[in-house]
Amino acid sequence: MMTDTGRQEYARLTEKRALFITALIVILIALAGVAVTLGSADLSVADSYLAIFAGLFPDAVDLPDRMVESNAVGIIWGWRLHRVLFAVVAGFGLAIAGSVMQGVLRNPLASPFTLGIASAASCGASIAIILGAGVLSGSLLVIGNAFLFAMLAAAAIYGMARLRGMGSETMILAGIALMYLFSAVTSLLQYLGTAAKVQEVVFWMFGSLDKSSWPKLGIVTVVVAAVVPLLLWRAWDLNALAEGDETAASLGVPVERSMAGFMLAASLVTAVIICFTGTIGFIGLVAPHITRMVIGTDHRTLIPASGLVGAVLLLGADCLARTLIPGAIIPVGIMTAFLGIPFFLYLFMRRRDA
Amino acid sequence: MTRRLLLLACSLCLMAGMAAAVPCDGDGDGTLTAPELATAILDSLDARFMGGTVEAPPSADLQDAAFVHTHWDGRALTITDTSGRTTTLTRPLRRIALFNSDTLDMLRSLGLEPDRVVGVSKYVLEDPVFYPEYQGTANLGSTWSPDYEKAAGIRPDAVILYASISESSCADIEKTLSAIDPEIHFFRFDSYRPAVYADEARTLGLLLGKKEEAERFLTFYENATGTVAEVVDAVPVKDRVPVYLESWNDYKSAGKGSGYDEKIQLAGGRNIFGENPVEYPVVDPEAVISRNPDVIIKIVGAGETAFGGYSDDDRSSFEQVLRAIGDRPVWNQIKAVRDGRVHIIHTDVIGGPDYFIGTAYLAKWFYPDLFGDLDPRAIHQQYLEEFQRLDYDLDEHGTFVYPA
């Protein structure tokens with residue numbers, strides 16, 4: 001009898017999860033369909049889709065003169081399409097990284113931000129922008145520094161946790177300490193920099209999809225596509241880890257090695273995204289929570305579902321960011337917070353009431 | 001391997017160079033001669049009005065050819081911008097988009113027709129008093145937050161960006177826009193730095209077919225800067241007036257190599273923080289008191305002091321700033337405060353392309369006896385009327401310096 005109820009409950013949950021994921025995919029596709037028609041160029045919905053087809057099949061489509069004159073194909077293919085896809089992939093990656101970090105550290109506050117990875121990236125970018133110093137040169141200067149510093153922060157947290165023992169509190173404390181350290185360096189640089197350079201740093205830290213391009217989308221997609229199957233494959237370990245180190249160890253999960261592996265994967269995905277976009281806030285924190293509230297904590301579904309929630313959130317925020325003030329783009333990092341936090345709080349309050 | 005790549009790149013460049021030829025250059029030797037242009041014009045007239053059957057060049061080609069012949073001696077023009085990049089053009093620039101509003105001022109000084117500018121930064125559109133003729137122009141946003149769709153949609157043939165500030169943002173803009181439209185030419189100019197000011201005006205004059213206008217403007221400009229330099233050069237270094245300069249944030253001064261430091265030197269002053277390695281250091285008030293400057297310069301017009309300038313006729317805010325400096329603890333013992341040599345100046349006449357008006361003011365404040373005849377206000381008025389082509393009377397409008 002007991003097992004029957006349990007099975008029924010589980011079946012119901014599985015159905016709910018499938019429904020949730022399907023709904024997210026439908027919303028995401030619809031949103032992407034809308035997103036490619038939004039923008040300050042004077043293109044109607046039909047124009048936008050015509051331009052997409054004209055780019056795919058230049059010979060088959062006969063473009064009207066006014067669209068040739070306004071460079072509709074260039075605008076759609078050189079700017080809008082990769083931006084929309086970038087929002088999807090970046091939102092997906094950041095949310096997955098967040099849900100892995102929260103799972104490994106068993107702490108709802110864990111995210112690339114609380115672990116200092118984002119502020120390390122900002123610090124690296126500031127050094128590049130204000131001092132002009134970095135590991136790479138030219139247009140890769142800022143990106144290279146941001147990536148390197150983000151990975152350095154991850155390595156430092158890992159190193160400290162290794163020395164002091166791999167407790168989740170240790171990692172979070174180390175991360176928060178690092179966050180303050182990197183923020184202090186960034187503030188010092190801002191204090192010394194010229195107004196124009198400080199402005200540039202501030203805009204970098206807002207987080208924006210303005211810098212997206214096809215090659216960057218390619219890099220981010222490759223990394224996310226490589227890491228996600230790995231994470232899904234090891235999702236059971238995450239479930240075991242979430243029950244506590246001892247439980248995981250008694251189930252045969254190599255605790256320290258898994259933790260390190262998961263943290264490395266999550267840091268890599270985060271670093272590779274935010275080095276291109278700047279710090280996009282809250283996706284990594286909020287998306288996993290929202291997902292968990294709806295479908296529970298099984299990482300086998302939590303990881304892909306929170307990825308989808310992240311993609312919907314970031315793409316939705318970017319659509320709003322591009323249309324709210326005509327002709328101006330509000331940095332998407334600001335929009336994600338405006339969009340994500342109230343929704344998160346709503347779910348949070350509702351759950352408490354029930 | 002690298003060499004082979006280089007070779008490939010070179011040959012691609014060569015091919016690109018060949019592909020873009022001077023229009024109506026009949027024999028294809030790279031020089032459009034007067035007879036070639038005449039033939040093209042006659043062919044076109046013949047085809048249009050006499051029923052001629054010769055294949056005539058389109059009128060856009062004809063116009064471009066006439067420009068190249070008149071302004072570039074019939075040859076392709078290769079110019080080097082302030083970032084050191086060279087660009088070769090076979091046709092004039094007719095659709096210019098500027099993220100750099102300082103260069104817009106310079107183009108105005110060169111008499112560029114406003115209809116050749118198709119896009120401007122949001123700062124231009126936010127200032128209808130100074131830029132009345134550009135109020136209907138497309139808004140490109142700012143260097144930090146550009147509107148790429150708008151910028152690409154107006155189909156510019158050239159986009160002008162800053163050379164020395166916001167380098168990484170400008171590089172991003174270039175990359176993104178050229179991905180959308182590979183035919184756009186990019187140029188980097190500053191138009192606010194004394195060291196490159198005259199060279200930039202000459203280059204832009206050549207580029208836009210405004211060579212004579214550029215020379216006329218530079219005569220005016222060099223007259224203004226030269227008058228100051230001549231007198232100042234004769235002042236021995238040890239006798240130079242010690243100056244404390246403060247930008248709109250309290251105690252934010254100017255260190256070694258900064259733009260303000262350069263301008264103090266141009267006006268013959270000695271910056272009391274000129275040895276500070278930080279470009280724009282926030283200084284200790286005690287350090288100012290102990291270095292006891294003869295003159296204090298306070299710059300307003302941005303940040304907390306966003307008043308004054310062309311669209312503000314009220315001087316009371318300047319008065320308050322002046323009083324507040326005197327009221328700082330113990331500052332009444334600084335020589336400049338005691339002698340009433342604290343001057344407020346608006347960033348519009350010192351921070352940008354009109355900096356030479358500001359240095360004239362500074363010079364007059366540093367050495368009132370040596371510059372009795374110098375009239376910075378008259379220079380300013382002439383600049384506005386004759387070169388910025390603005391109907392603006394400084395006697396009636398604007399607040400730029402205090403005490404006047």
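Where a number appears in this text, it was derived from the coordinates with a stated rule and is not lab data. This is a predicted model, so every value here is computed, not measured. Cβ: placed from backbone, ideal geometry, glycine included. Neighbour counts: every protein chain shown.
In whole percents, the pair-distance distribution calculated for the range A:6-108 from its alpha-carbon pairs, binned every 10 Å from zero, is 13, 30, 25, 16, 12, 4, 0. Relative to one another, the C-alpha centroids of the range B:112-130 and the range B:242-278 are positioned 31 Å apart.
Residue by residue, the range A:248-265 carries 3J(HN,Hα) couplings of 4, 4, 6, 8, x, 8, x, 4, 5, 5, 5, 4, 4, x, 4, 5, 5, 4 Hz when phi is fed to the Karplus relation 6.51 cos²θ - 1.76 cosθ + 1.60 (θ = phi - 60°); x denotes Gly or Pro. Rounded to the nearest angstrom and ordered from largest down, what semi-axes does the equivalent ellipsoid of the range A:159-297 get from its C-alpha gyration tensor (root of 5λ)? Semi-axes from the Cα gyration tensor: 32, 21, 14 Å.
For the range B:255-359, what Kirkwood radius comes out of the mean inverse Cα-Cα distance, in Å?
14.6 Å
Look at the stretch A:79-87: the mean tally of other chain Cβ atoms within 10 Å of its residues' Cβ atoms is 2.
To make sure I understand, if each residue's beta carbon is the centre and we count other beta carbons within 10 Å, what order do B:Lys252, B:Lys298 fall in, fewest to most? If you can, show how the numbers build up before the last one.
Values: B:Lys252 17, B:Lys298 21.
Starting with the residue having the fewest Cβ neighbours, the order is B:Lys252, B:Lys298.
For B:Met50 and B:Thr70, the FRET efficiency from 1/(1 + (r/R0)^6), where r spans their Cβ atoms and R0 equals 25 Å, is about 0.45. Remark: relative contact order (chain B) = 12 percent; criterion is Cα-Cα distance under 8 angstrom and separation of 6 or more residues.
What FRET efficiency do you get for A:Arg66 and B:Asp391 if R0 is 30 Å and r is their Cβ-Cβ distance, rounded to the nearest 0.05?
Details: r = 37 Å, r/R0 = 1.24.
Working from the Cβ atoms, E equals 0.20.
Based on DSSP H segments of at least four residues, each scored -39500 (n - 2.57), chain B has a per-residue ellipticity at 222 nm of -12500 deg cm²/dmol. Note on A:Trp233, A:Trp214: ascending count of other Cβ atoms within 10 Å places them as A:Trp233, A:Trp214, the fewest first. Protection proxy ranking of B:239-249, B:324-334, by the mean of other Cβ atoms within 10 Å over each peptide's residues and highest first, is B:239-249, B:324-334. Note on the protein assembly as shown: dipole from Cβ charges, positive end direction compared against B:Ser101, A:Ile143, A:Met179; the farthest Cα belongs to A:Met179. Determine which residues of the range A:41-75 fall in the zone a paramagnetic label at B:Ser59 would reach in this model, i.e. backbone nitrogen under 20 Å from the point 7 Å along Cα→Cβ. Residues A:66, A:69 qualify, since their backbone N sits under 20 Å from the label point. If I fit a long axis through the Cα atoms of helix B:59-71 and take the longest principal axis of the Cα atoms of chain B, what angle between them do I get, 0 to 90°, rounded to 10? Roughly 50 degrees between the two axes.
On average, how much area does the Cα convex hull of chain A cover when viewed from any direction, in nm²?
Details: hull surface 84.8 nm².
For chain A, averaging the hull's shadow over all directions gives 21.2 nm².
Amide H contacts under 5 Å for B:Val300: B:Ile345, B:His346, B:Thr347, restricted to partners 5 or more places along the chain or on a different chain, H placed in the peptide plane at 1.01 Å from N. In order along the range A:11-21, phi translates into HN-Hα couplings of 4, 4, 5, 4, 4, 4, 5, 4, 4, 4, 5 Hz, rounded to whole numbers, per the Karplus curve 6.51 cos²θ - 1.76 cosθ + 1.60 with θ = phi - 60° and x for Gly and Pro.
A simple spin-label model places pseudo-atoms 7 Å from Cα toward Cβ; at A:Ala328 and A:Ala249 they are separated by 5.6 nm. Would you grab the residues whose amide H sits under 5 Å from the one on B:Ala138? Only those 5+ places off in sequence or on another chain, please, with H modelled 1.01 Å from N. Under 5 Å from the amide H of B:Ala138: B:Val120. Computed from backbone phi with θ = phi - 60° and the Karplus coefficients 6.51, -1.76 and 1.60, the 3J(HN,Hα) list for the range B:253-266 is 9, 10, x, 4, x, 7, x, 5, 4, 4, 5, 4, 5, 4 Hz; x is used for glycine and proline. Among B:52-62, B:98-108, A:255-265, B:164-174, sorting by the average number of other beta carbon atoms lying within 10 angstrom of each residue, highest first, gives B:98-108, B:164-174, A:255-265, B:52-62. With the simple spin-label model, which puts each label point 7 Å out from Cα in the Cβ direction, the A:Glu9 to B:Glu133 separation comes to 7.9 nm.
Estimated from the Cβ-Cβ distance and a Förster radius of 56 angstrom, the FRET efficiency linking A:Ala155 and B:Glu113 is about 0.45. Roughly how many whole Å is it from the C-alpha centroid of the range B:322-379 to that of the range A:14-37? Here the answer is 64 Å between Cα centres. Taken as Cα centroids, the range A:232-265 and the range B:55-70 sit 73 Å apart, rounded to the nearest whole angstrom. Counting only other chain Cβ atoms within 10 Å of each residue's Cβ, the peptide A:139-151 averages 1. Along its first, second and third principal axes, ordered by size, the range B:215-402 spans 46, 38, 30 Å in Cα coordinates. Based on alpha carbons, the Rg and Dmax found for chain B are 25.0, 88 Å.
For chain B, the longest principal axis of the alpha carbon atoms and the long axis of helix B:2-19 meet at an angle near 70°.
Computed on the range A:1-101, with alpha-carbon pairs under 8 angstrom and 6+ residues apart, the relative contact order is 22 percent.
Of A:Tyr158, B:Ala195, B:Ile173, which is farthest along the charge dipole of the protein assembly as shown in the positive direction, counting Lys and Arg as +1 and Asp and Glu as -1 at C-beta? Value computed over the given set: A:Tyr158.
Neighbour counting of Cβ atoms within 10 Å sorts the residues A:Ile21, A:Ile143, fewest neighbours leading, into A:Ile21, A:Ile143.
The three principal axes of the Cα atoms in the range B:80-209 give end-to-end lengths of 35, 32, 28 Å, sorted in falling order.
Modelled this way, with points 7 Å down the Cα-to-C-beta line, the labels at A:Ala226 and A:Ser44 are 4.6 nm from one another. Among A:Ala18, A:Ala133, A:Ala60, the largest mean-square fluctuation in a Gaussian network model of chain A, built with springs joining Cα atoms closer than 10 Å, belongs to A:Ala60. Where the alpha-carbon atoms of the protein assembly as shown are placed on the principal axes, they occupy 104, 88, 53 Å, in descending order.
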